[in-house]
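Below is one structure, written out as structure tokens; the observations come after it.
The values are calculated or read from the model by the stated rules, or taken from the named source; none is laboratory data. Source: prediction; values computed, not measured. Please note: Cβ atoms are built from the backbone with ideal geometry, for glycine as well, and neighbour counts cover all protein chains shown.
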Amino acid sequence: MILRERYIKKLEPFIGKPVIKVITGIRRCGKSTFLKMICHSLTEIGVNPVNIILINKDSLEFDFIQDYNDLNKYVKNQCKKISGKIFLFIDEVQEINGWEKAVSGFLADQTADLFITGSNSKMLSSELATYISGRYVEFPMFTLTFSEFLKFRQVRDPAQWESEFGVFMKWGGFPGIHKMEYDDEVIAQYIGSLYNTILLKDVVARNGLRDVALLEKVARFMADNCGNITSSKKIADFLKSQKIKGSVDTIHNYLNMLTSAYLFHQASRFDIKGKRLLEIHEKYYAGDIGLNHILTGYKLQDISGRLENIVFLELLSRGYTIHVGKLKELEIDFIASRNDERIYIQVAYLLHDQSTIDREFGALEKIPDNYPKMVLSMDKHFSSNRKGIQWFNLLMFLTQQD
């Protein structure tokens, strides 16, 4: 197993503490393997493997655990056989009806040190918030960043980064692709199957949807417009032009469902001058860049949006909260905030002429504060500073430490 060091460092301080460790993220981003990494780490520091209970709801072995009563009964029976501190791991916990009741009970009774994973953000916004509010810590997990992708590919020579980035832009960061033959048809089939599973299991089945065709059209529109300002009305108007019926309210609900399953992420707009969040015209980015390729194919004109998508996911994985900046008529690609930090970022494919340079740097120059500002592009040689605004080669940015 290749360690996901960024996540291990974030979680380690909470091991053994009386809070539930909740690991969330899109299916197949590596949550199950991450739990196994934690289990392995525990055994290395002397924890008896018998004291570790691992329940994987993706496995038929645990199909008998259907609801919170089944879960409670199984865990309590296992605990009777164990002496000493117990560590309980439940993978894809949302597959268990009423799971939050049992987990809340385990916490109250100090049954075990608790770790759970889930593939739907609604479990945090509703169930968890109701039963164990204030007693859990969330650790969002994402598919592989480019630097992790290089580790999986065992690439250490920076001279290979550019060619590897071409592969990454096409197939993204689902860890499972590295167990496949590196063949376009094989990987496309794997990611396509994964997308269908997430769509049908985490969106359609979970929400009891009937109009799957409309949902798929909404998902394709979002993938085709990553990095563009999007709204429910804009999507509804487009569908209407294609003679497809879909009300604004329905589209809005579908957008929420798709983001809840982490197929897409929403970035709200922030008015820099007015210092307030705007409630309309958000941007959406795919939960993995490989999904874009499956849904829309590869088009050269989409490269700027895809680079934005990659930077967006990179910033999320580093623990930033991200907004799209608005300054009068100008747009800032990302405002990334973390604790007391704030960074303004513009992403461009190439700064190939003076007008492009002036556009990307000029928007940042007009921001009236002293937070760091940077422009990222694929250029290899460029002046690294303009009026205090830093320029970074995109690959260098993606491969540097936090």
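Here are the numbers for this structure:
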item	result
Every residue from the stretch 365-379 that is touching a Leu at 6+ places or on another chain (Cβ under 9 Å) and closer than 30 Å to Glu148 by Cα	Lys373, Met374, Val375, Leu376, Ser377, Met378, Asp379
Search result, residues across the stretch 286-341 that are closer than 18 Å to Arg276 by Cβ and β-branched (Val, Ile, Thr)	Thr321, Ile322, Val324, Ile332, Ile335
Condition check for Ile251: closer than 16 Å to Gly290 by Cβ, out of contact with any Asp or Glu (no Cβ under 6 Å at 6 or more places or on another chain) and not in a loop (DSSP other than H, G, I, E, B)	no
Ile8 more than 24 Å from Phe152 (Cβ to Cβ) and free of Cβ contacts under 8 Å to residues at least 60 places away in the same chain	no
Criterion: over 28 Å from Gln301 (Cβ atoms) and crowded, with 17+ Cβ neighbours inside 10 Å - qualifying residue of Met180, Met123, Met169	Met123
Near pairs, Cβ below 9 angstrom, 6+ apart or cross-chain, from the stretch 145-165 (over 17 Å from Glu314 (Cα atoms)) to any residue that is basic (Lys, Arg) and surrounded by 15 or more Cβ atoms within 10 Å (Cβ to Cβ)	Gln160/Arg153
Qualifying position, being out of contact with any strand residue (DSSP E or B) (no Cβ under 6 Å at 6 or more places or on another chain) and surrounded by 10 or more Cβ atoms within 10 Å (Cβ to Cβ), among Ile55, Ile65, Ile90	Ile65
Residue within the stretch 128-151 that is among the basic types (Lys, Arg), over 20 Å from the mean Cα position of the chain (by Cα), under 30 Å from Leu395 (Cβ atoms) and not assigned by TED's automatic domain parsing to the domain that holds Lys17 present	no
Filter result for the condition that a residue is of a type outside the set (Lys, Arg), at pLDDT 95 or above, assigned to a loop (DSSP other than H, G, I, E, B) and within 25 Å of Gly319 (Cα to Cα), over Phe168, Phe142	Phe142
Enumeration of residues in the stretch 273-287 that are of a type in the set (A, V, I, L, M, F, W, C) and surrounded by 20 or more Cβ atoms within 10 Å (Cβ to Cβ)	Ala286
Candidate set: the stretch 220-251, residues that are within 18 Å of Ile280 (Cα to Cα), surrounded by 15 or more Cβ atoms within 10 Å (Cβ to Cβ) and within 20 Å of the chain's Cα centre (by Cα); chosen: the one modelled with the lowest pLDDT	Gly227
Filtered residues of the stretch 206-236 (kept if of a type in the set (S, T, N, Q) and outside any helix (DSSP H, G or I))	Asn225, Asn228, Thr230, Ser231
Pairs where the first residue, in the stretch 366-390, is within 20 Å of Trp161 (Cα to Cα) and the second is surrounded by 16 or more Cβ atoms within 10 Å (Cβ to Cβ) and polar (S, T, N, Q), C-beta under 6 Å, 6+ apart	Val375/Gln346
Close pairs (9 angstrom Cβ cut-off, 6 or more residues apart or separate chains): among the basic types (Lys, Arg) in the stretch 49-68, surrounded by 12 or more Cβ atoms within 10 Å (Cβ to Cβ) anywhere	Lys57/Ile65; Lys57/Ile90; Lys57/Asp91; Lys57/Glu92; Lys57/Val93; Lys57/Gln94; Lys57/Glu95; Lys57/Ile96
Every residue from the stretch 106-139 that is modelled with pLDDT under 90, in contact with a strand residue (DSSP E or B) (Cβ under 7 Å, 6 or more places away or on another chain) and not hydroxyl-bearing (Ser, Thr, Tyr)	Leu124, Leu128, Ile132, Arg135
